Amino acid sequence: MEQLSSYDRILGILCSVFDAYSAVLFLPSEDGRDGKNHFIASSFSLGDKLDLSSAIPEGRGLVGWILRNREPLLVSNFDQRQNHLGYYLDNEEQHIKAFMGCALLDGIGAVCVDSKRQYSFSEKDQKLLHLFADLLTRVREDEKGREDRQTALRYYGALRTVYALRRQYTRWSEFLRHFLDLMVTMTGFAYGALCTRDEKGESYSVEGESSPMLRRREGSGLSFPMTHGVVGWVFRNGTPVISGGAEGAPETQLVGKGSDLPQFQTIMAMPMIIQRKTRGVLCLAHDTPVEVSAETQDFVRMATEHLALFLENLYVKYRLKDLYRATRPAEHAGVYDPAQDDDGPQEEEV
């Protein structure tokens, strides 16, 4: 037997209280990739004609009006020639005679009921519907809180994995590949890359990717001027760029200009500060609009800072090793050298 969610139970009670035909809860998509469309998150109906895959954009039909205006709506005598619901199959909507709905208190979504009898709902019923909307809002906030806690635990575990990668993979290329794979898997982005600048700071190249897109087949990365792309801007200014959301960032060039280079609508580009300079930029991107949550931003920021600190320590270690070898007396050649200890990816690939 299928287990009912809290939403399902509340809508079942709501349908019984109002003697309604159907009760439907509309919420936006969880990943934010569908813009202003809202979908059926939960429902209860005396029939089997609800279109559970329907997408209701803000402003379209009666439900869309509620979503756009965040105002309640009561239609006692439903006229299909003037009004539209949009969540029924097989012309079932033509049998609906009354409709009532209101937005959730946080403005994210709407709860609606309908009936096959005219004048089924009154203004008193609408006030009662507000109480159900309050209850649904609180349930949503509680579930969102649980999801946030679970997300925080997942990200915490991922940060521990990031810390362990440097001991698990001793070659830089292997370390970087697994690091980028982890970042893409944890955040849900389609693409991840690390861009690094040249010694003079005049250009940058793609040093590693989660999937091949910008690097040549022979393994060398394309080089781009510092004036090109979002990455170039981050290198020049040393501040992150996070663009996306419901509208996305249309035709955004992550790197240099070129018709054969990919464009993205959601981008996270985080600077890696080493020796007080932006030496690298960690990039995550998606070709569709995605809402980047605060938890995701915090995780990527902490992972980037960890990688920058690790590379800075690695840089200092090998600088000390070079100085030690250049200055130690010949008679001390057999003395223990602390710089010889392995602590992560080797210099040959750094």
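Miscellaneous remarks
- Only one of the listed residues (Ile66, Ile56, Ile96) is of a type in the set (A, V, I, L, M) and more than 33 Å from the chain's Cα centre (by Cα). That residue is Ile96.
- Flag if Leu180 is at pLDDT 90 or above, more than 30 Å from Gly256 (Cβ to Cβ), open to solvent by less than 30 Å² (accessible area, probe 1.4 Å) and in contact with a strand residue (DSSP E or B) (Cβ under 6 Å, 6 or more places away or on another chain): no
- Residue, nearest to Lys116 (Cα to Cα), within segment 51-87, restricted to residues that are in a strand (DSSP E or B) and open to solvent by 30 Å² or more (accessible area, probe 1.4 Å): Leu74
- Residue check, Phe132 touching a Leu at 6+ places or on another chain (Cβ under 9 Å), in a loop (DSSP other than H, G, I, E, B) and not charged (D, E, K, R): no
- Among the residues listed as Ala133, Ala164, Ala152, the single one being hydrophobic (A, V, I, L, M, F, W, C), surrounded by fewer than 17 Cβ atoms within 10 Å (Cβ to Cβ) and without any contact (Cβ under 8 Å) to a residue 40 or more places away in the chain: Ala164
- The residue pairs whose first member lies in segment 55-68 and is closer than 9 Å to Lys36 by Cα, whose second member is at pLDDT below 90 and surrounded by fewer than 17 Cβ atoms within 10 Å (Cβ to Cβ), and whose beta carbons are closer than 6 Å, counting only pairs six or more residues apart or on different chains, are Pro57/Lys36; Glu58/Lys36.
- Residue count for segment 105-119, restricted to those that are touching a Lys or Arg at 6+ places or on another chain (Cβ under 7 Å) and assigned to a loop (DSSP other than H, G, I, E, B): 4.
- Hits in segment 9-43 - residues which are at pLDDT 85 or above and surrounded by fewer than 17 Cβ atoms within 10 Å (Cβ to Cβ): Arg9, Gly12, Ile13, Ser16, Val17, Asp19
- In segment 96-119, residue least open to solvent (accessible area, probe 1.4 Å) [restricted to those that are touching a Ser or Thr at 6+ places or on another chain (Cβ under 8 Å) and at pLDDT below 90]: Asp106
- Pairs where the first residue, in segment 188-200, is β-branched (Val, Ile, Thr) and the second is open to solvent by 50 Å² or more (accessible area, probe 1.4 Å), C-beta under 8 Å, 6+ apart: Thr196/Glu207; Thr196/Arg279
- Hey, Asp48 without any contact (Cβ under 8 Å) to a residue 12 or more places away in the chain, open to solvent by 10 Å² or more (accessible area, probe 1.4 Å) and over 21 Å from Val290 (Cα atoms) or not: yes
The values are calculated or read from the model by the stated rules, or taken from the named source; none is laboratory data. Predicted, not measured: the structure shown is a model, and the values here were computed from it. Because the Cβ atoms are built from the backbone with ideal geometry, glycine has one as well, and the counts that use them run over all protein chains shown. Side chains included, ligands, DNA and RNA excluded: accessible areas come from the protein's heavy atoms. Shrake-Rupley method; radii C 1.70, N 1.55, O 1.52, S 1.80 Å.
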